[in-house]
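First the structure, in the form of structure tokens, and then the observations on it.
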């Protein structure tokens, strides 16, 4: 029987959730036995080369590119999992949700203390750049999400247990310590 | 000339439990309640400033900013909208150049929405500086605005003749119509004020009065239907150095206006009922809690109370009964539906936010100022006079076995004869439709009991009005097939609950709004089957809220899903199990504008 | 004469002093009923509704309802627990609760309840309300993003002469907590400290302090809220 195929991505996230996947220590060897990776920063496959069983999404959606990637994941994965606070509720990037976008951009590119040189007051506007969204969206507001793994990052044990449960179809029983929001 | 704040505070004996009255007077005097005055009130009443602020900010008709020399509150009830509110609203906005929720730059006119003002049988209607204007049309709006421009006093702005009956009274002078369509024991003209106090009470002990009320089987008319005799008995037996009788005339349930008619036409009957209750319970003070919208009746009612005092129907040794002292005062609200809940009404009367109390203890044990208190509906107290006059057994013959007596129905919506009908319990909805002159072939639904009640369809029109079947506080709204039931009725009612939640319970503060958003999604043809299930599930959570408002806030949606499921199902997308509300074009608009680039939506 | 009354919780015979609130009576009998707005020693208010139980088959708030003789209380059923979980989820979406950056994380009662009920994601849509942080007070910071309007501070924090320092403003969805500017500015250190301690979430914070306990050692990192009562 062929191994289940897993894809992962980081949208508006910090890669902390991916670090947490790696944080399963020696179980990483079991993981490779258990599943095959497709599109993922872990193996550096940039585009889907086949349909996947499980997609792990880190980060929420803060720009148009995030939306495209997320929709692409939905198209190519049977099961989508929101991994971490950012995917679930926008997380740290969503702290800007109450602030008008113009203010955010002005602060970042024109008025902010870290701006060194921008005499013409230009906000980057090249067509190649992703367009910023009015707010940061949780992934389940964009596409259907099947499961959620909270945490910042989710504990390695939580990700591991959930993956195993998904692959084997066993019931997921989580100890108290592994479901945490920070 | 402006009255001094000091005078107002002194008028209420520097009593912090009269904060509502103080604020009402200041609001009416200044058109708003400025911060320096709230500070003064706090100082004089020896309470913290936030205490003044928390009461003030709770009520719709108190404002911390000016509401205009002419403050116009246009009713936003479902029936007002059915009767042409939108055009009236647009005319107001066009002619004044401001949107609702604002005051004109010169400070002359303020336009505001308001929940049902109890005029459903003569909509669209508005309150202008507390005076009622009914049957508004775009033409009438222009007239009114012209009068305002001319600087006319509000009383001079009536163009129509005054309404019927006592609405013409020198102390009311209002264009409001009673629209009494059917009379029974309560509305009957055959009544001599004071007759029970003079002829019956002196011969009866309080216990005998309670027994007679018990014999009548009368149950509370506010909607919950608690046996009145039993309530009085509990209160009589409760320990307390002072006891109170409250009349609940807050009548906030959209579509209900029968108490307004009683207060206009039979106030003496009501006051006599309160005296009887006071005698039975051993109370010395009665308080009529009148909703703010009926302030136009204030002088009239105050005058009648004085008349009753002059005739020894109030005051000391009433009716010649040695030691029976009882007096009545009016307590006005300031715009909060939840104050119709008896414990919220008591809180409000104590000068606080109208947040319902946790029960137990019930008001009969610990009510107003911590003392045993009976809270009865206007209609209940009126009925009791007739019970004592003619005997409990006589009264029990009206109506059905579990619901004795008559019920005043406030009927409005799509029918020829909207108004107040006093019918015996046991009337079917079908009978009522016929009586009110509704075109039965065209009626698609009837809202029984206001937004907190149920929305029923034709297959249930044979059901009867009584506590065992369709219990109701008396509102019945007829909706014909020209209406979009979900938009015109269900959405409006849900918005009403969002607006009127006191916010104390986490459930009622949030869930009605979430349900509203979901309903809008469905109405926008973006819904999926799961959305209907969600609405049903979320509505269930509301049932654990503290008071009746919260518990029933989901009813417009829940009962319409139950009885008109097809309306929901035909609007949802059948081929989808998920629908995003995300709109890329809308989401990137602001950032592209800020950066000066053309959105690439491919 | 004994003032003890007998009642049942989920069929278990219990006893408590007459007039004890159900939550307290349950605690004395080793049964945990989840609470949030309730705090021992302060008059209950029944505003979060998480302690809802069925009393003779009617939903009642256990923190405000006294036990009576023969009372039948239903507490621990899948339906009731799901209602409680719903309420916790409502509170999460109502505000802006970003746990990873919150000083109270690990010691927060709302979060602890979410852990107990293993909330993975709220079933309700996030509202992302526009709320402010009020840092005008010299001793405390009031973060409205995290406030769950439980009224604990209103009920528990009074001046020596019994005046309210905290109060509600507005109603419904616009409801918020306000601090009396004058009384708040004159907070004693004790009262400010008490306000911080009494807040179940991170909505009232001390100035210039935070994140003092490392992750893993905070109150609810390892210990389930309510387990201290259940162990008894």
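Between 0 and 90 degrees, the angle of helix B:267-281 with respect to the longest Cα principal axis of chain B falls at about 70 degrees. Rounded to two decimals, the Cα radius of gyration of the protein assembly as shown over 2.2 N^0.38 Å is 1.01. Each 5 Å bin from 0 upward holds the following percent of the Cα-Cα pairs of segment B:5-56: 4, 24, 40, 26, 6. Once C-alpha pairs closer than 8 Å and six or more residues apart are averaged by separation and normalised to the residue number of segment C:85-208, the relative contact order reads 29 percent.
When the gyration tensor of chain A is built from Cα positions, what are the square roots of 5 times its three eigenvalues, in whole Å, from largest to smallest? Each semi-axis is √(5λ); the values are 33, 18, 14 Å.
Across all directions, the average flat footprint of the convex hull enclosing the Cα atoms of segment C:95-207 is 7.5 nm². Scattering from segment B:406-483 was approximated by placing one identical point on each alpha carbon and applying the Debye formula without solvent; log10 I(q)/I(0) at 0.13, 0.16, 0.22, 0.23 1/Å stands at -0.30, -0.47, -0.94, -1.04. The relative contact order of chain B, computed from alpha carbon pairs under 8 Å that lie at least 6 residues apart in sequence, is 13 percent. GNM on chain C, alpha-carbon springs under 10 angstrom: the most fluctuating residue among C:161, C:185, C:221 is C:161. Taking the longest Cα principal axis of chain C as reference, the axis of helix C:78-94 is set at about 10 degrees. Distance between the C-alpha centres of segment A:128-182 and segment C:179-232: 29 Å, rounded to the whole angstrom.
Taking the fewest neighbouring Cβ atoms within 10 Å as the starting point, the ordered list for B:61, B:246 is B:61, B:246. Expressed in units of 2.2 N^0.38 Å, where N is the residue count, the Cα radius of gyration of segment A:74-182 is 1.44.
Across all Cα atoms of segment A:129-182, the radius of gyration (one decimal) and Dmax (whole number) stand at 14.5, 43 Å.
Entry for segment B:1-123 at q = 0.11, 0.13, 0.22 Å⁻¹: log10 I(q)/I(0) = -0.46, -0.62, -1.15, Debye formula applied to identical alpha-carbon scatterers, no solvent contribution.
The convex hull built on the alpha-carbon positions of segment B:181-396 has an orientation-averaged projected area of 11.0 nm². In chain C, helices alone account for a calculated mean residue ellipticity at 222 nm of -7000 deg cm²/dmol, with every DSSP H run of four or more residues adding -39,500 (n - 2.57).
Take every DSSP beta bridge whose two residues both sit in chain B; close to 45 percent of them are antiparallel. With the cut-off at 1.5 for a/c, could you classify segment C:7-76 from its C-alpha gyration tensor as rounded, prolate or oblate? Prolate. As a rough guide to protection, the peptides B:380-387, B:29-36 ranked by mean Cβ packing within 10 Å, highest first, stand as B:380-387, B:29-36. By DSSP, the beta bridges lying fully in segment B:406-483 are antiparallel in about 75 percent of cases.
Projected onto its three principal axes, the C-alpha set of segment B:465-602 covers 65, 36, 27 Å, listed from the longest axis down. Residues B:192, A:9, arranged from fewest to most other Cβ atoms within 10 angstrom of their Cβ, appear as B:192, A:9. Counting only alpha carbon atoms, the long axis of helix B:584-595 and the longest principal axis of chain B meet at about 70°. Stokes-Einstein diffusion of segment A:1-59 at 20 °C, 1.002 mPa s viscosity, Kirkwood radius from Cα pairs, rounded to a whole number: 180 µm²/s. Helical runs (DSSP H, four residues minimum) scored at -39500 (n - 2.57) apiece and divided by the length of chain B put the mean residue ellipticity at 222 nm at -11000 deg cm²/dmol.
Globularity index of chain C is 1.06 (Cα radius of gyration / 2.2 N^0.38 Å, N = number of residues).
Note on segment A:105-120 and segment B:255-320: Cα centroid distance 70 Å, given to the nearest whole angstrom.
Other protein chain C-beta atoms within 10 Å of residue C-beta, averaged over B:49-56: 6. Hey, with R₀ at 45 Å, roughly what FRET efficiency would residue B:578 and residue B:69 work out to, going by the Cβ-Cβ distance, to 0.05? Rounded to the nearest 0.05, the efficiency is 0.25.
Counting DSSP beta bridges in the protein assembly as shown, what percent are antiparallel, to the nearest 5? Once the DSSP bridges in the protein assembly as shown are tallied, antiparallel ones form about 50 percent.
Is the C-alpha gyration tensor of segment B:161-218 telling us rounded, prolate or oblate? Criteria: a/c under 1.5 is rounded; beyond that, a/b larger than b/c is prolate, otherwise oblate. Prolate, because a/c is 1.5 or more and a/b exceeds b/c.
Counting helices only, and only those DSSP H runs with n ≥ 4, report the 222 nm mean residue ellipticity of chain A as the sum of -39,500 (n - 2.57) divided by its residues, in deg cm²/dmol to the nearest 500. Computed ellipticity for chain A at 222 nm equals -8000 deg cm²/dmol.
Summary of the geometry: segment C:149-168 and segment B:87-166, compared by the centres of their Cα atoms, lie 41 Å apart.
Largest GNM mean-square fluctuation across A:62, A:52, A:14, computed for chain A with C-alpha springs under 10 Å, falls on A:14. If you run the Gaussian network model on chain C, springs between alpha carbon atoms under 10 Å, then out of C:75, C:96, C:56 the most flexible one is C:56. For peptide B:534-546, the mean count of partner chain Cβ atoms within 10 Å of a residue's Cβ comes to 5.
Normalising the average separation of contacting C-alpha pairs (under 8 angstrom, six or more residues apart) by the number of residues puts the relative contact order of segment B:486-602 at 28 percent. Three principal axis extents describe the C-alpha atoms of segment B:70-160; from largest down they are 32, 27, 21 Å. Taking the number of Cβ atoms within 10 Å of each Cβ as an exposure proxy, the fewest-first ranking of B:485, A:11 is B:485, A:11.
Rule-based calculations on the coordinates, nothing more; no lab input. Nothing here was measured: the structure is a model prediction, and the numbers come from that model. With ideal geometry, Cβ positions are generated from the backbone for all residues, glycine too; neighbour counts draw on all protein chains shown.
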